[in-house]
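A short worksheet on the structure shown next.
The values are calculated or read from the model by the stated rules, or taken from the named source; none is laboratory data. Since the model is a prediction, treat every value here as computed from it, not as a measurement. Neighbour counts are summed over all protein chains in view; Cβ atoms, including those assigned to glycine, are modelled from backbone coordinates with ideal geometry. Ligands, DNA and RNA are excluded from the accessible area calculation, which covers all protein heavy atoms including side chains. Shrake-Rupley method; radii C 1.70, N 1.55, O 1.52, S 1.80 Å.
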Amino acid sequence: MGAVPPRPGSRALRRGRVSITGQLYHVTSRALPDTSPFGNFDNARAACAAFHRVQRQSADQVHAWVLMPDHAHWLISLGPASSLSGFVGALKRESARAVRKAACTEIGRPLWMSSFHDRALRDTDDVLAVARYIVANPLRAGLVKRLGDYPFWNALWV
């Protein structure tokens with residue numbers, strides 16, 4: 001399977017990226033351009049199950065997340081000896097593997113862009129407000145009228 005060429009500016013996303021134990025990060029990753037692999041219910045369900053599996057096997061913590069048809073948001077805190085790139089890579093790799101299995105496809109193009117955007121939260125940031133922003137994405141996108149109607153999200157506070 002071929003690698004997805006980096007988009008212009010993706011190298012700039014890595015500039016200054018630091019992995020700090022206990023730090024909270026808001027991470028966004030996109031599916032390949034012009035695709036919505038998670039618009040399919042079975043694909044989205046498989047990806048969400050993979051998110052849970054990766055988290056259970058890791059010292060890292062996902063406090064909130066939402067899977068949209070063409071991207072995902074996570075609120076992550078890193079455990080000891082972890083890297084942000086490594087954990088996000090595991091989430092993307094395992095979810096892609098689960099989607100391929102659900103679709104009965106062994107070989108296919110990658111689902112995710114190779115890069116991702118992250119923002120380290122500051123002590124002054126309202127973590128609950130960031131989590132609400134993340135899980136409210138389906139409402140803002142007009143996918144549902146009530147958050148409870150959207151099945152592909154989770155938050156520790158629920």
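At 1.4 Å probe size, with the rest of the protein present, what percent of the exposed accessible area of the chain is carbon and sulfur atoms?
Of the solvent-accessible surface of the chain, carbon and sulfur hold 53 percent.
Determine how large the accessible area of Leu91 is when every protein chain is in place; take a 1.4 Å probe and give Å² rounded to the nearest 10.
0 Å²
As a test of the formula, what do you get for the chain when each DSSP H run with n ≥ 4 contributes -39,500 (n - 2.57) and the sum is divided by the residue count, at 222 nm and rounded to the nearest 500 deg cm²/dmol?
It comes out at -10000 deg cm²/dmol, rounded to the nearest 500.
Indicate the helices, whole DSSP H runs only, in the chain that combine a mean Kyte-Doolittle hydropathy of -1.0 or more with a Cα extent along their long axis of 18 angstrom or more.
Going by DSSP H runs, the hits are 41-56, 84-102.
Work through the residues other than Leu147 whose Cβ is under 13 Å from its Cβ and net out their charges, Lys, Arg +1 and Asp, Glu -1.
Neighbour charge sum, excluding Leu147 itself: +3.
Using the C-alpha atoms of the range 106-158, what convex hull volume per residue, in cubic angstrom, is computed?
153 Å³
For the chain, what Kirkwood radius comes out of the mean inverse Cα-Cα distance, in Å?
16.1 Å
Extending each Cα 7 Å along its Cβ direction at Asp123 and Lys101, get the distance between those two points in nm, one decimal.
Between Asp123 and Lys101, the label points sit 4.3 nm apart.
How compact is the range 73-152 by the rule of thumb for globular proteins, expressed as Cα Rg over 2.2 N^0.38 Å?
1.34
At 1.4 Å probe size, what's the solvent-accessible area of Ser19? Round to the nearest 10 Å².
Near enough 50 Å² of accessible area.
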